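See below for the structure under consideration.
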Amino acid sequence: MKSYGQFCPVAKAAELFCERWTPLILRDLAGGATRFSQLQRGVPLVSPSLLSRRLKQLEAEGIVERRHSPTGRSWTYHLTEAGLEFAPIIEALGVWGQRWTRRELAEHEMDLTVLLWAMEGSVHPDAFGERRAVVEVVFVDQPAHKCRWWFMNEGGRCQLCLEEPDFGVDVYLRISLADMIYIWRGDLTLARALDTERLAMHGTAAFRGAVTHWLGVSSLAHIKSRRSSGADR
């Protein structure tokens, strides 16, 4: 961890918080991630060894604590009191980013893994009622081995599936990766995506109607862009 060589409390806090990847790790911990695999999904460009090293640094500084998992075979990670005080700072950064940095995304910023993780955590599985429902999302601009994904909704929970469930699919969505990110980020409304055929939806009327309530967006999607170029798509 690099030092600014100052006793100023802003400098001391920045030494901890501004270390590369640390804000994103704290973001995911504040959002409810507890397992190493969940943290990996939130920062897929970080190697396991570097993620482990960052977690150890945060633990040594009293920001994160490790606990035995319920099985006792692995560890879970949790913010301490000191770590929880970073939560409003992380939210404020997100608000600022949503307000002042939104623009057309560059190709290297459109991470499929991060989007899938975000979608799984933001959808509303209760939109389908008591029935089990499977939503297949096809990203039309992705290679064949990465274009089809399934979200199984059952018992008030949603689970991302890497393979098609045996009991079939109830509703199909076809969209580009960029447009799904724009919907999740709040730049493109679901209604506009459907009207302009950027999103195609197939299934019974009941399931199509449920999807409009199922598909969640970022908790910051309501923050309007203040860039002169705007962000509406």
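Every number in this text was worked out from the coordinates using simple rules, so none of it is lab data. Source: prediction; values computed, not measured. So basically every Cβ, Gly included, is an ideal-geometry build from the backbone, and we count neighbours across all protein chains shown.
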Counting only backbone N atoms under 16 Å from a point 7 Å out along Cα-to-Cβ of ARG227, the residues of the stretch 89-128 in range are 94-111
Modelled label-to-label distance, TRP21 and ARG67, 7 Å Cα→beta-carbon offset: nm? 2.4 nm
So how compact is the chain: Cα radius of gyration and Dmax in angstrom? 19.6, 63
Once the piece of chain linking GLU104 and ASP126 is laid out straight, how much longer is it, given 0.36 nm per residue of separation minus the C-alpha distance between them? 4.7 nm
For PHE167, PHE128, order by how many other beta-carbon atoms lie within 10 Å, fewest first: PHE167, PHE128
To check my understanding: the extent here is largest minus smallest coordinate of the Cα atoms along each principal axis. What are those three numbers for the stretch 151-203, in Å, largest first? 32, 21, 19
Give, in nm to one decimal, the length gained when the segment between THR196 and HIS145 is fully stretched (0.36 nm per residue of separation minus the Cα-Cα distance). 15.7 nm
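Set the Förster radius R0 to 45 Å, insert the Cβ-Cβ distance between THR204 and MET1 as r into 1/(1 + (r/R0)^6), and round the FRET efficiency to 0.05. All intermediate terms of the calculation are to be shown ahead of the outcome.
On the way: r = 55 Å, r/R0 = 1.23.
Taking R0 as 45 Å, the efficiency between THR204 and MET1 is 0.25.
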Loop-resident sites, the stretch 1-97, for trypsin sites (Lys or Arg not before Pro), counting at most 13 other Cβ within 10 Å (DSSP): LYS2, ARG20, ARG35, ARG73
Roughly how many nanometres apart are two label points built 7 Å out from the Cα toward the Cβ at GLU154 and PHE36? 2.9 nm
How far is it, in nm, from the label point at THR189 to the one at LYS56 when both lie 7 Å from their Cα along the line to the Cβ? 5.2 nm
Please report the spacing between the Cα centers of the stretch 199-214 and the stretch 152-191 in Å, no decimals. 10 Å
For the stretch 117-196, what does the convex hull of the Cα positions come to per residue, in cubic angstrom? 100 Å³
Once the Cα atoms of the stretch 35-123 are picked out, what are the Rg and Dmax in Å? 15.3, 45
